[in-house]
1. Report whether or not Thr77 is closer than 26 Å to Leu32 by Cα, under 24 Å from the mean Cα position of the chain (by Cα) and β-branched (Val, Ile, Thr).
2. Return the residue satisfying two criteria in turn: it lies in the range 94-144 and is in a helix (DSSP H, G or I) and at pLDDT below 85, and of such residues it is surrounded by the fewest Cβ atoms within 10 Å (Cβ to Cβ).
3. Looking only at residues that are hydroxyl-bearing (Ser, Thr, Tyr) and part of a helix (DSSP H, G or I) in the range 65-93, which one is surrounded by the fewest Cβ atoms within 10 Å (Cβ to Cβ)?
Amino acid sequence: MAERKKRVSQIQDVPPAEAPRNYSPRGIAGLLAPVLRPAFKRRAPAAAALLADWPQLAGPELSARAAPVKFAGGTLTLACTGPTAMELQLVSPQIIARLNLALGHNMIERLRFVQQAPGVSAPKPRAAAMAPVAPPADLPEGPLGEALAKLYQGIQTRR
(Lines give C-alpha, C1' and ligand atoms only; values in the text may rest on other atoms or scores of the structure.)
Protein backbone atom coordinates (compact mmCIF):
# COMPACT_ATOMS: atom_id res chain seq x y z
CA MET A 1 0.00 0.00 0.00
CA ALA A 2 2.83 2.41 0.87
CA GLU A 3 4.57 1.64 -2.45
CA ARG A 4 1.38 2.37 -4.37
CA LYS A 5 0.98 5.78 -2.66
CA LYS A 6 4.61 6.53 -3.41
CA ARG A 7 4.13 5.68 -7.11
CA VAL A 8 0.93 7.75 -7.30
CA SER A 9 2.66 10.75 -5.72
CA GLN A 10 5.57 10.37 -8.17
CA ILE A 11 3.14 10.33 -11.09
CA GLN A 12 1.42 13.47 -9.83
CA ASP A 13 4.77 15.28 -9.51
CA VAL A 14 5.52 14.81 -13.22
CA PRO A 15 5.18 18.17 -15.00
CA PRO A 16 2.75 18.29 -17.93
CA ALA A 17 4.17 18.04 -21.43
CA GLU A 18 5.24 21.41 -22.83
CA ALA A 19 3.06 22.78 -25.63
CA PRO A 20 4.72 22.86 -29.05
CA ARG A 21 6.42 26.18 -29.73
CA ASN A 22 5.49 28.40 -32.62
CA TYR A 23 8.49 30.00 -34.31
CA SER A 24 6.58 32.01 -36.90
CA PRO A 25 7.20 35.77 -37.08
CA ARG A 26 5.16 37.91 -34.68
CA GLY A 27 4.63 41.62 -34.32
CA ILE A 28 6.57 43.57 -31.73
CA ALA A 29 3.37 44.41 -29.83
CA GLY A 30 2.65 40.71 -29.38
CA LEU A 31 6.11 40.18 -27.93
CA LEU A 32 6.23 43.22 -25.65
CA ALA A 33 2.68 43.10 -24.26
CA PRO A 34 3.19 40.05 -22.01
CA VAL A 35 6.41 41.56 -20.66
CA LEU A 36 5.27 45.16 -20.18
CA ARG A 37 1.67 44.65 -19.04
CA PRO A 38 2.63 43.44 -15.51
CA ALA A 39 5.01 46.39 -15.07
CA PHE A 40 2.36 48.90 -16.15
CA LYS A 41 -0.24 47.28 -13.91
CA ARG A 42 2.03 47.59 -10.88
CA ARG A 43 2.80 51.23 -11.58
CA ALA A 44 -0.63 52.46 -12.67
CA PRO A 45 -3.14 49.62 -12.92
CA ALA A 46 -6.16 51.71 -13.87
CA ALA A 47 -4.27 53.74 -16.49
CA ALA A 48 -2.87 50.55 -18.01
CA ALA A 49 -6.37 49.05 -18.16
CA LEU A 50 -7.71 52.23 -19.73
CA LEU A 51 -5.09 52.36 -22.47
CA ALA A 52 -4.99 48.60 -23.11
CA ASP A 53 -8.75 48.00 -23.14
CA TRP A 54 -9.84 51.24 -24.83
CA PRO A 55 -12.09 49.67 -27.52
CA GLN A 56 -14.07 47.71 -24.91
CA LEU A 57 -14.31 50.60 -22.43
CA ALA A 58 -15.20 53.33 -24.90
CA GLY A 59 -17.46 51.37 -27.21
CA PRO A 60 -17.19 50.95 -30.98
CA GLU A 61 -18.34 54.45 -31.95
CA LEU A 62 -16.02 56.41 -29.66
CA SER A 63 -13.03 54.11 -30.16
CA ALA A 64 -13.34 54.53 -33.95
CA ARG A 65 -13.30 58.33 -33.64
CA ALA A 66 -10.79 58.91 -30.83
CA ALA A 67 -7.78 57.12 -29.35
CA PRO A 68 -6.20 57.59 -25.92
CA VAL A 69 -2.76 59.15 -26.03
CA LYS A 70 -1.94 59.91 -22.41
CA PHE A 71 -3.41 59.73 -18.93
CA ALA A 72 -1.91 61.86 -16.17
CA GLY A 73 -3.30 63.68 -13.16
CA GLY A 74 -6.91 62.77 -13.82
CA THR A 75 -6.77 64.12 -17.39
CA LEU A 76 -7.27 61.74 -20.28
CA THR A 77 -5.82 63.02 -23.54
CA LEU A 78 -7.62 61.77 -26.64
CA ALA A 79 -6.39 62.04 -30.23
CA CYS A 80 -9.11 62.87 -32.74
CA THR A 81 -9.82 65.11 -35.69
CA GLY A 82 -10.79 68.77 -35.18
CA PRO A 83 -14.53 68.44 -35.86
CA THR A 84 -14.73 65.30 -33.75
CA ALA A 85 -13.02 67.09 -30.86
CA MET A 86 -15.63 69.82 -30.92
CA GLU A 87 -18.41 67.27 -30.94
CA LEU A 88 -16.86 65.20 -28.13
CA GLN A 89 -16.36 68.28 -25.96
CA LEU A 90 -20.13 68.71 -25.87
CA VAL A 91 -20.66 65.17 -24.55
CA SER A 92 -17.51 64.95 -22.43
CA PRO A 93 -19.43 64.67 -19.10
CA GLN A 94 -21.24 61.58 -20.45
CA ILE A 95 -17.98 60.10 -21.77
CA ILE A 96 -16.23 60.68 -18.42
CA ALA A 97 -19.14 59.10 -16.53
CA ARG A 98 -19.19 56.06 -18.84
CA LEU A 99 -15.44 55.48 -18.61
CA ASN A 100 -15.37 55.91 -14.82
CA LEU A 101 -18.27 53.47 -14.50
CA ALA A 102 -16.43 50.92 -16.67
CA LEU A 103 -13.20 51.35 -14.65
CA GLY A 104 -14.99 51.00 -11.32
CA HIS A 105 -13.98 54.31 -9.72
CA ASN A 106 -13.75 58.03 -10.50
CA MET A 107 -10.37 58.10 -12.12
CA ILE A 108 -10.99 60.48 -15.03
CA GLU A 109 -11.76 64.09 -14.09
CA ARG A 110 -11.47 65.84 -17.44
CA LEU A 111 -10.80 65.19 -21.11
CA ARG A 112 -8.24 66.92 -23.27
CA PHE A 113 -8.26 66.65 -27.04
CA VAL A 114 -5.32 66.84 -29.44
CA GLN A 115 -5.84 67.15 -33.15
CA GLN A 116 -4.53 63.98 -34.67
CA ALA A 117 -6.39 61.43 -36.75
CA PRO A 118 -6.53 58.18 -34.72
CA GLY A 119 -5.30 55.14 -36.62
CA VAL A 120 -5.12 56.91 -39.98
CA SER A 121 -2.08 56.24 -42.09
CA ALA A 122 -1.16 57.10 -45.65
CA PRO A 123 -2.51 54.63 -48.19
CA LYS A 124 0.09 52.20 -49.42
CA PRO A 125 0.56 51.81 -53.15
CA ARG A 126 -0.63 48.52 -54.51
CA ALA A 127 2.02 46.12 -55.74
CA ALA A 128 -0.05 45.32 -58.84
CA ALA A 129 -0.13 48.98 -59.87
CA MET A 130 3.65 49.22 -59.86
CA ALA A 131 5.70 47.99 -62.79
CA PRO A 132 7.15 44.50 -62.24
CA VAL A 133 10.87 44.42 -61.51
CA ALA A 134 13.05 41.91 -63.32
CA PRO A 135 15.00 39.66 -60.92
CA PRO A 136 18.78 39.22 -61.28
CA ALA A 137 19.86 36.74 -63.92
CA ASP A 138 22.25 34.75 -61.70
CA LEU A 139 19.56 33.15 -59.47
CA PRO A 140 19.53 29.35 -59.18
CA GLU A 141 16.98 27.26 -61.09
CA GLY A 142 13.97 25.61 -59.47
CA PRO A 143 11.78 26.50 -56.52
CA LEU A 144 14.62 28.25 -54.63
CA GLY A 145 15.26 30.58 -57.55
CA GLU A 146 11.53 31.34 -57.88
CA ALA A 147 11.30 32.14 -54.16
CA LEU A 148 14.36 34.40 -54.35
CA ALA A 149 12.93 36.17 -57.40
CA LYS A 150 9.65 36.86 -55.53
CA LEU A 151 11.60 38.13 -52.54
CA TYR A 152 13.67 40.42 -54.75
CA GLN A 153 10.56 41.81 -56.45
CA GLY A 154 8.89 42.40 -53.08
CA ILE A 155 11.89 44.30 -51.75
CA GLN A 156 12.22 46.43 -54.89
CA THR A 157 8.51 47.37 -54.97
CA ARG A 158 8.61 48.62 -51.36
CA ARG A 159 11.30 51.20 -52.13
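The values are calculated or read from the model by the stated rules, or taken from the named source; none is laboratory data. Quick caveat: nothing in here was measured; it's all calculated off a predicted structure. Quick reminder, even Gly has a Cβ in these numbers, built from the backbone with ideal geometry, and neighbours come from all protein chains shown.
1. Taking the combined requirement at face value, the residue satisfies it.
2. By that ranking, first place goes to Ala102.
3. Only one residue tops the list, namely Ser92.
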